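Chemist: Following this message is one structure expressed as structure tokens.
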Amino acid sequence: MAKKLLDILSERFGSSIVLSTHDQCGDETAVLDAAHWREVATFLRDDPRCKMNMLVDLCGVDHIWDSQRLEVVAHLNSLELGHRLRIKARVGDEDCEGAVIDSLVPVWVGANWFERETFDMFGIRFEGHPDLRRILLYEEFEGHPLRKDYPAAKTQPLVPYREGPDVLGKLPPFGPDEGMVFGRKHLDYMKEED
């Protein structure tokens, strides 16, 4: 059925938007013009022949030696019709300038944290995202660690290392209410017995 989806997309959008399709290892994939990313996603969700009602995953890929270096990949699923599809689009030049693509949050709300992670790790900006900020790293972190040119030995000097007897305690930038989850702050299991 997913091969039929590729035909539907090619027929509906043409070769200027659906740049290529393939089914490598049984995974049907459509490579899209990034300017039509959200338009194609909305079509895949709404068209009764597609009904792609679930965004399974969204991530980035760094093709460091290519002229359009960064790629956004989304894996879609139709829970009702039982088929799946991968869509891809390239953004940014060889220096990652212009790495911007429309957000899929208006199409699938579940794209929110996936796009934040992709922004955090690769620096791809999602136009129209409701809250595009880092999700895994702190705001002062320099760079995007999943880019292939990120120096593996780079030290992030902006947040001081924790030292001294209170290593497990809270140091700035953490507030007094951050770090311990689900109300376990009252437990003294970390203290030594007298």
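No value in this document is a laboratory result; all are computed from the given coordinates. Treat the numbers as computed from the prediction; the structure is a model and nothing was measured. When we count neighbours, we look across all protein chains shown, and the Cβ atoms used for this are built from the backbone with ideal geometry, even at glycine.
Chemist: Within 15 Å, Cβ to Cβ, of residue 14, how many net charges do the neighbouring residues add up to if Lys/Arg are +1 and Asp/Glu are -1? Walk me through the numbers on the way to the answer.
Modeler: Working: positive: 12; negative: 7, 11, 33, 39.
Neighbour charge sum, excluding residue 14 itself: -3.
Chemist: For region 1-96, what is the charge dipole size about the Cα centre, in debye to the nearest 20, if Lys and Arg each add +1 at the Cβ and Asp and Glu each add -1 at the Cβ?
Modeler: Roughly 420 debye for region 1-96.
Chemist: Taking K and R as +1 and D and E as -1, what net charge do the other residues with C-beta under 12 Å from the C-beta of residue 149 add up to? Could you put the intermediate results ahead of the total?
Modeler: On the way: positive: 69, 147, 148, 154; negative: 62, 94, 95.
So the environment of residue 149 carries a net charge of +1.
Chemist: Also, I was wondering about something else. Starting at the first residue of region 112-118, write each ³J(HN,Hα) from the Karplus equation 6.51 cos²θ - 1.76 cosθ + 1.60 with θ = phi - 60°, in whole Hz, x for Gly and Pro.
Modeler: 3, 6, 4, 5, 5, 5, 5
Chemist: Same structure again: So for the pair residue 16, residue 67, with labels modelled 7 Å out along Cα→Cβ, what separation do we get in nm?
Modeler: 2.0 nm
Chemist: With a cut-off of at most 15 other beta carbons within 10 Å, and DSSP calling the residue loop, which chymotrypsin sites (Phe, Trp or Tyr not before Pro) in region 45-132 qualify? Please list them. Each step should come with its number before you reach the end.
Modeler: Working: sites: 65, 108, 113, 114, 119, 122, 126; in loops: 65, 108.
When the chymotrypsin sites (Phe, Trp or Tyr not before Pro) of region 45-132 are filtered for loop state and at most 15 Cβ neighbours within 10 Å, 65 remain.
Chemist: With respect to the cross-link table entries 51/88; 4/148; 51/148; 4/88, which display a Cα-Cα separation exceeding 27 Å?
Modeler: 4/148; 51/148
Chemist: Going by how many other Cβ atoms sit within 10 Å of their own, how do 27, 102 line up, fewest first?
Modeler: Fewest to most other Cβ atoms nearby, the residues stand as 27, 102.
Chemist: Going 7 Å from the Cα of residue 79 along its beta-carbon direction, which residues of region 18-45 have the amide nitrogen within less than 19 Å of the resulting point?
Modeler: 42-45
Chemist: Here's something else I'd like to know. Could you line up 118, 155, 42 from fewest to most neighbouring Cβ atoms inside 10 Å?
Modeler: Least crowded to most crowded, the residues run 155, 42, 118.
Chemist: Please give the FRET efficiency for residue 146 paired with residue 27, using the beta carbon to beta carbon distance and R0 = 25 Å, rounded to the nearest 0.05.
Modeler: 0.70
Chemist: Please pull out the direction-averaged projected area of region 2-151, using the convex hull of its alpha-carbon atoms, in nm² to one decimal place. Show your work: numbers first, answer last.
Modeler: Values: hull surface 35.8 nm².
One quarter of the hull surface, i.e. the mean projection, equals 8.9 nm².
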